[in-house]
Amino acid sequence: MAQGIGNAIVVSVLLLGLLHCENVWAATYTVGDAGGWTFNVVGWPNGKTFKTGDVLVFNYNPTEHNVVAVDKQGYDTCTVSEGSKTYQTGSDKITLVNGQNYFICGFPGHCGANLKMVVNAL
């Protein structure tokens, strides 16, 4: 019985180590670099390789902007649907999911003025 408990502990430690390693490999990106989340960031992801689990940091003035995670239709039409998640702290950290991740500013007219972007996570 003691050997079974010892094996269970070893397996638990290994699994926790694997979970921790996955987070260590995640990269953190500041959207828009020093300029932050502002107009014309639509091309900011170009040339970058993002992975599932990477974190995007959106820095902005919350009285002027927000960040809304939308689907493709919301991105294409600059509309916020009922299921969209809105962030508004001014320093939002969003973990990328596999595939296309769409973000817009929900303030009127901002998305249409290119305060939006799509990030593909592999």
Within segment 70-79, identify whether any single residue is acidic (Asp, Glu), within 20 Å of GLY112 (Cβ to Cβ) and free of Cβ contacts under 8 Å to residues at least 40 places away in the same chain, and answer yes or no.
yes
Odd one out for TRP44 among (1) touching a helix residue (DSSP H, G or I) at 6+ places or on another chain (Cβ under 8 Å); (2) part of a strand (DSSP E or B); (3) of a type in the set (A, V, I, L, M, F, W, C):
(2)
For segment 52-62, does any single residue satisfy the condition of being modelled with pLDDT of 95 or more, surrounded by fewer than 15 Cβ atoms within 10 Å (Cβ to Cβ) and over 24 Å from LEU122 (Cβ atoms)?
yes
Mind listing whichever residues of segment 28-41 are surrounded by 11 or more Cβ atoms within 10 Å (Cβ to Cβ), over 15 Å from the mean Cα position of the chain (by Cα) and modelled with pLDDT of 95 or more?
GLY35, THR38, PHE39
Selection count where residues are free of Cβ contacts under 8 Å to residues at least 24 places away in the same chain and surrounded by 13 or more Cβ atoms within 10 Å (Cβ to Cβ), scope segment 42-51
0
Residues of segment 47-58 being assigned to a loop (DSSP other than H, G, I, E, B) and β-branched (Val, Ile, Thr), which ones?
THR49, THR52
Going residue by residue through segment 18-27, is there one that turns out to be modelled with pLDDT of 95 or more and touching a Ser or Thr at 6+ places or on another chain (Cβ under 8 Å)?
no
Among residues of segment 69-122, those that are of a type in the set (Asp, Glu) and within 21 Å of VAL55 (Cβ to Cβ), counted
2
So which strands (runs of 3 or more DSSP E) stay within segment 66-122 end to end and still have 1 or more residues that are of a type in the set (Asp, Glu) and buried (at least 19 other Cβ atoms within 10 Å of the Cβ)?
91-95
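The values are calculated or read from the model by the stated rules, or taken from the named source; none is laboratory data. Everything numeric here is computed off the predicted structure, so don't read it as measured data. Cβ: placed from backbone, ideal geometry, glycine included. Neighbour counts: every protein chain shown.
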